[in-house]
Amino acid sequence: NAGVTQTPKFRVLKTGQSMTLLCAQDMNHEYMYWYRQDPGMGLRLIHYSVGEGTTAKGEVPDGYNVSRLKKQNFLLGLESAAPSQTSVYFCASSFPRLGTYEQYFGPGTRLTVT
Amino acid sequence: AQKVTQAQTEISVVEKEDVTLDCVYETRDTTYYLFWYKQPPSGELVFLIRRNSFDEQNEISGRYSWNFQKSTSSFNFTITASQVVDSAVYFCALGGGSQGNLIFGKGTKLSVKP
């Protein structure tokens, strides 16, 4: 099993450009999450999904959109990138029926917006 | 509201010293989970431990030990005889609630010098 994978690993965007980050998991997990990590801030939840076709906002959703068309994939979109979105993005998945809240994290995507 | 506080932003020790990383949490849930993750300089998140709210037994794993005290809402992490490879950012996190996501502290950066 590959676990949770993220594409791309690094990206540099110019202000106003758009891009999509792809998260894929092969563990048949129902829940998926996108977090961002900024220096001194820990990880903060952007959006999450509790199942195929459903998404919801987290703590810092502004400027991002997400889609979960397939159970194994969770896409994070930036329509018009801003320097404030320079961050490291982590995707995670979990299997809530276990009731443990354990999350499996991807390796992260480092995004720089100039 | 749920919250995790890691008051120590940075800690620097000399190899072989013992070091304790503090974590204080807030939650109104009666069932919750606490986690510690390690983030080495390479950037990935490494799962260290999960503890549920009903199990206050301390845990030891090699040089690592965890002290969970519900009375003080703390879940502290001790590294005995620290090594240079322990240098990393350590995150404490709280899991609970219907969203299934984790609430992270801001992290403690540990530097172990030879």
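A few remarks follow.
- Flag if B:PHE77 is part of a strand (DSSP E or B), surrounded by 17 or more Cβ atoms within 10 Å (Cβ to Cβ), more than 14 Å from chain A (Cβ to nearest Cβ) and within 13 Å of the chain's Cα centre (by Cα): yes
- Scanning segment B:42-70 for residues that are of a type in the set (S, T, N, Q) and either crowded, with 16+ Cβ neighbours inside 10 Å or farther than 21 Å from B:GLU15 by Cα (or both) gives B:ASN52, B:SER53, B:GLN57, B:ASN58, B:SER65, B:ASN67, B:GLN69.
- Taking first residues from segment B:82-96 that are without any contact (Cβ under 8 Å) to a residue 60 or more places away in the chain and partners that are surrounded by 24 or more Cβ atoms within 10 Å (Cβ to Cβ), the Cβ contacts under 8 Å between residues at least 6 apart in sequence or on separate chains come to B:VAL89/B:GLY107.
- Leading residue by the ranking (farthest from the other protein chains (Cβ to nearest Cβ)) among those in segment B:1-19 that are touching a residue at least 60 places away in the same chain (Cβ under 8 Å) and hydrophobic (A, V, I, L, M, F, W, C): B:VAL14
- Candidates B:GLY43, B:GLY107: the one that is modelled with pLDDT of 95 or more, among the small types (Gly, Ala, Ser) and closer than 24 Å to A:SER94 by Cβ is B:GLY107.
- Residue list for segment B:97-111, restricted to those being outside any strand (DSSP E or B) and at the interface with another protein chain (Cβ under 7 Å from one of its Cβ atoms): B:GLN99, B:GLY100, B:ASN101, B:GLY105, B:LYS106, B:GLY107
- Hits in segment A:83-114 (condition: more than 14 Å from chain B (Cβ to nearest Cβ), outside any strand (DSSP E or B) and touching a Ser or Thr at 6+ places or on another chain (Cβ under 6 Å)): A:THR86
The values are calculated or read from the model by the stated rules, or taken from the named source; none is laboratory data. Owing to the predicted nature of the structure, the values given are computational and were not obtained by experimental measurement. Quick reminder, even Gly has a Cβ in these numbers, built from the backbone with ideal geometry, and neighbours come from all protein chains shown.
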